[in-house]
Amino acid sequence: MMRALLFACLLPTVASAASFDCDKVRSPLEKAVCADPELSALDSKIANTYNAARQRLSPEGNKILRDGQRQWLHFVGDLCFAPRNAQEIGICLNSEYAARLKQLSTAAISIGPYLFSRSDSFSAKTHDDDGQVYKLKSSAPRIDAPLSVAAVEWNSMVAKRVTNAMKSGCDAGHGDEQLDAEVTYATANTVSIKTTSWEDCHGTAHGNGSTVSLTYMLAPKLHALEAADLFDMDTSWKDFLTQRSYEALEKKAGGTRILRSNVEQAVVNVLGWTLTQDGLLITIDPYAVLAYAYGTTKVSIAWSDLKPFLAHNAPVPPQT
């Protein structure tokens, strides 16, 4: 399977990544795939999805996707065949293969006027004192076509934000870190993405996750979304967002006292706003208002509800 998936990285198309002869397997990975029908099926789906994406992408998009796939191959070997028993190896492989298949579903995806690809990075080479592997995964969407000066600058800016976010995690990389980014909304002049990160620093009580939304206006000048781009500052938009979010948090808290001032502080943070086709998604991370045990709170508000507060040229779908 390692050879087959490697061929999938090197050739334009491959019929099936699980087409190798199981009577001639040599590596532990090949043996594991041949012994597990579910894993073999996932292997085949990965190759098919990967090949389908490459057929849609530009030469540059192909190279970036191929580099990510090669990193993933080494990552799986380093991670799943670290000291483990056979059952643990099987669980690890099935989990990572299923995750990769999901990732590749956005390897070439059309949203609005753009074709987006993805740039992936994987590493599982270092270990802690107990021999546990440090898992590092990150992904960044990129505009593959059509490219413009603003689109190229956007690609560079997003890649830099993801790289910096990964550097700011566990001290000296001593832990598991993952950052996934997905495009939620795109027009010719606006792109909104949601990044979800998780870090589990080895030796700490529990991991921590956060969500950061990055919305950029590509024209007339590339800049991060500001509240004034979306809302008419002379309206009561802030009170409206606070009230809707307060109601959602109050319902979730089940009687726990909530400070309205904390809610307002959370909801006016543009980094918590994700633009979607249907409306504005406000994400409130643990500790911002409620305790960690309550988890992340998501508040969706339809554009039709926000219409009285929107700026004249707000980057939203046409409102009837």
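Less than 5 angstrom separates the built amide H of Ser213 from those of Thr195, Gly272, Trp273, all sequence-distant by 5 or more or on a different chain. Once Kirkwood radius over Cα pairs in Å is calculated for the structure shown, the corresponding label among (1) 21.7; (2) 24.1; (3) 20.2 turns out to be (1). Taking the fewest neighbouring Cβ atoms within 10 Å as the starting point, the ordered list for Arg244, Arg56 is Arg56, Arg244.
Taking 27 Å as the straight-line reach from the Cα of Lys102, the lysines in range (excluding those fewer than 8 positions away in the same chain) are Lys31, Lys45, Lys63, Lys125, Lys135, Lys137, Lys160, Lys167, Lys194, Lys298. Fully extending the segment from Lys102 to Ala227 would add 41.7 nm, taking 0.36 nm per residue of separation and subtracting the current Cα-Cα distance.
Segment Lys307..Asn208, full-extension length gain: 32.1 nm, with 0.36 nm per residue of separation and the alpha-carbon distance subtracted.
Taking label positions 7 Å along the Cα-Cβ direction at both Cys22 and Asp239, the computed distance is 6.8 nm, reported to one decimal. Relative to a virtual label point 7 Å from the Cα of Gln277 in the Cα→beta-carbon direction, which members of region 99-118 show backbone nitrogen distances below 18 Å? Output list for this probe position: 105-117.
Laboratory data are not the source of any read-out in this text; all were calculated from the coordinates shown. The structure displayed is predicted, hence computed values, not measured ones. As a convention, Cβ positions derive from the backbone with ideal geometry for all residues, glycine included, and neighbour counts pool all protein chains shown.
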